[in-house]
Amino acid sequence: MTAPPSGERPERNHVDLTPTSLSTIDRVVIATLTRDLTSAVVQRLRDDLLARVHEVRARGVVFDVASLYLMDPWEFRALQQTAAMVRLLGARVVLAGLPPQVVEALAALDVDTAGFDATVATVHDALQALGR
């Protein structure tokens, strides 16, 4: 197996490129992450999410990560980079549902948590933070 280009995560043998469920409520796109993020999955997420944000002229995006048991620094940075892209399209970005074990791991690794307009406990809280 050859090493991936710098900054990319190695792919697994079987790659499911449908890592999220995208839904829209009142011009807020909710991206529910359901699996680990590889480079290919992140690219698919970005393509689909940016297209949806542009299509519906979204005023906000919610990353729902409540179903993830683990999130490593690479995955978190990938979400931060995607959030920056979404903000360039004029939408605010809220991170919802970080499980306690993920919070502990990110804090222990001293990961910079900037890059989101808010972090909240639930999707409902995220919609309220976005003014729905």
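The values are calculated or read from the model by the stated rules, or taken from the named source; none is laboratory data. None of these values were measured; they are calculated from a predicted model. Glycine gets a Cβ as well: all are built from the backbone with ideal geometry, and neighbour counts include every protein chain shown.
List pairs: first in segment 103-117 and closer than 21 Å to ARG92 by Cβ and crowded, with 16+ Cβ neighbours inside 10 Å, second among the β-branched types (Val, Ile, Thr) and modelled with pLDDT of 90 or more, Cβ under 7 Å, 6+ apart or cross-chain?
Filtered contacts from segment 103-117: PHE116/VAL93; PHE116/VAL94; ASP117/VAL93; ASP117/VAL94.
Could you tell me which of the residues VAL62, VAL53, VAL103, VAL120 is over 14 Å from the mean Cα position of the chain (by Cα), on the phi < 0 side of the Ramachandran plot and among the β-branched types (Val, Ile, Thr)?
One residue alone meets the criteria, VAL103.
Going through ARG59, ARG87, ARG92 one at a time, which residue ends up being crowded, with 17+ Cβ neighbours inside 10 Å, of a type in the set (Lys, Arg) and in contact with a strand residue (DSSP E or B) (Cβ under 8 Å, 6 or more places away or on another chain)?
ARG92
With the requirement that a residue be of a type in the set (Gly, Ala, Ser) and in a loop (DSSP other than H, G, I, E, B), what does segment 101-118 give you?
Within segment 101-118, ALA114, GLY115 qualify.
Tally the residues that are of a type outside the set (Asp, Glu) and either surrounded by fewer than 14 Cβ atoms within 10 Å (Cβ to Cβ) or more than 25 Å from ARG132 (Cβ to Cβ) (or both), restricting the search to segment 62-84.
Filtering segment 62-84 for residues of a type outside the set (Asp, Glu) gives 62-63, 65-71, 73-74, 76-84.
Okay, now just the ones that are also either surrounded by fewer than 14 Cβ atoms within 10 Å (Cβ to Cβ) or more than 25 Å from ARG132 (Cβ to Cβ) (or both), so 67, 69-71, 73-74, 76-78, 81, 84.
Qualifying residue count for the region: 11.
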